[in-house]
Amino acid sequence: MNPANGQTLIAGSGQSRKSTIKILGRSDWVAASQGQFGQYGSSKDGKMVTSAFIEAFNGLASQAGALATVQQAAATTAPATASYTVAVETKMLASASATAPEVRALRADTELLPTGNKAGLFVEVTDNYGTKGWVSVEDLR
């Protein structure tokens, strides 16, 4: 899932039936499904859950190339954030620290333009008057 917008990028699922579980080798995954690394080996249901997990994981792993393509495309085509809007009354600070001196007070719904600099939970912005400072991303939308 993309943390920026919540969009699902890749997904996987797995299912297992008693008639489809076959142990063919001694890899770590097979050993885990047989219970050598946990409690699942003592029950048929545990082995089925492990098998379904392995199937889902392999499905996700097979989509890794698609994820790299999506990330590459997003980096080249996604426009930078045009502006931020102040969500709550806050302060523009002189540096990226909650204890930094205040540059100016900001009212809710004030439009700010990002400079592209980020530090932790702070982004550097400018207001409509050209004043530059740092604002916590928690106070923006």
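Some notes on this structure:
- Within the stretch 120-141, residues that are in a strand (DSSP E or B) reach partners that are open to solvent by less than 30 Å² (accessible area, probe 1.4 Å) and among the acidic types (Asp, Glu) with beta carbons closer than 7 Å, at six or more positions or on different chains, in the pairs Lys132/Glu124; Trp134/Glu124.
- The test for being open to solvent by less than 60 Å² (accessible area, probe 1.4 Å) and modelled with pLDDT under 90 does not hold for Ser62.
- Search result, residues across the stretch 94-106 that are more than 19 Å from Ser83 (Cα to Cα) and assigned to a loop (DSSP other than H, G, I, E, B): Ala94, Ser95, Ser97, Ala98, Thr99, Ala100, Pro101
- Given (1) outside any loop (DSSP other than H, G, I, E, B); (2) exposed (fewer than 15 other Cβ atoms within 10 Å of the Cβ), index of the condition Asp109 fails: (1)
The values are calculated or read from the model by the stated rules, or taken from the named source; none is laboratory data. Just so it is clear, the structure is predicted and the values come from calculations on it, not from any experiment. Ideal geometry is used to build each Cβ from the backbone, glycine not excepted, and the neighbour counts take in all protein chains shown. Accessible surface is based on the protein model in full, side chains and every heavy atom, while ligands, DNA and RNA are left aside. Shrake-Rupley method; radii C 1.70, N 1.55, O 1.52, S 1.80 Å.
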